[in-house]
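Following: one structure in structure tokens, then a few remarks.
Values in this text are rule-based calculations from the coordinates and carry no lab data. Everything numeric here is computed off the predicted structure, so don't read it as measured data. Cβ sites come from the backbone with ideal geometry, for glycine too, and all protein chains shown count toward neighbours.
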Amino acid sequence: MRSRDGGRAAFQADIVSHANAVGVMQLLPKTAKIMAKQKRLKYAKNKLFDPEYNIELGTYYLKGLVNLTGAPEYALAAYNAGEDRIALWKSERTYEEVPELVESIPFSETRDYVQIVLRNAALYRMIYAPAAKPVSTVSTSSRATSVSSGFVSTTFSPQGLHVQALKP
């Protein structure tokens, strides 16, 4: 998982960002407390330094953001910049495609974060799923966006992000 601060804290369990985000998933204590309550887990701020606890709460939060926002890209932007910001950006104009919103994110840190996480997801799938069958379709609908370019086919939908390696 790439850290929320652009990678400087990647995989460091004991890190605290300038925004007070803690641990490997860079969770704000306020958010972590809400997630722990929802999962019926005991909350203690010092437990956020435990990678297993931090990842459990962080992935739960991210899954909730995907469900709330309807797309992995929106969820990543909300995770990095805040739920209120992604709601504001989506309300300011109608985006024909999800990648259009990603490109228009006004915070370079958040835009870069979303693009890097999506790129890394594609790379991990290429490495760890080399037998994936290539996808050659390009389509956009209200339910999903599929893009094939270069060596990767990426599909974004409310069910999640799916990336397949294309054979050269």
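Of note:
- Of interest is the spacing of the C-alpha centroids, which for the stretch 66-108 and the stretch 110-126 amounts to 15 Å.
- Neighbour-limited loop hits for trypsin sites (Lys or Arg not before Pro), the stretch 22-72 (at most 14 other Cβ within 10 Å; DSSP other than H, G, I, E, B): R40, K42
- Applying a DSSP loop filter and a limit of 14 other Cβ atoms within 10 Å to the GluC sites (Glu not before Pro) in the stretch 21-74 leaves nothing.
- J(HN,Hα) series, the stretch 116-123, from Karplus relation 6.51 cos²θ - 1.76 cosθ + 1.60, nearest Hz, glycine and proline x: 5, 4, 5, 4, 5, 4, 5, 5
- Over 21 Å apart at the Cα level, from the set K63/K90; K39/K63; K39/K90, are K39/K90.
- Spherically averaged projected area of the stretch 23-120 from its Cα convex hull (nm²): 6.3
- Taking a point 7 Å from the Cα of Y124 along the Cα-to-Cβ direction, the residues of the stretch 41-75 with backbone N closer than 12 Å to it are 59.
- Hydrodynamic radius of the stretch 25-67 by the Kirkwood approach over all distinct alpha-carbon pairs: 10.0 Å.
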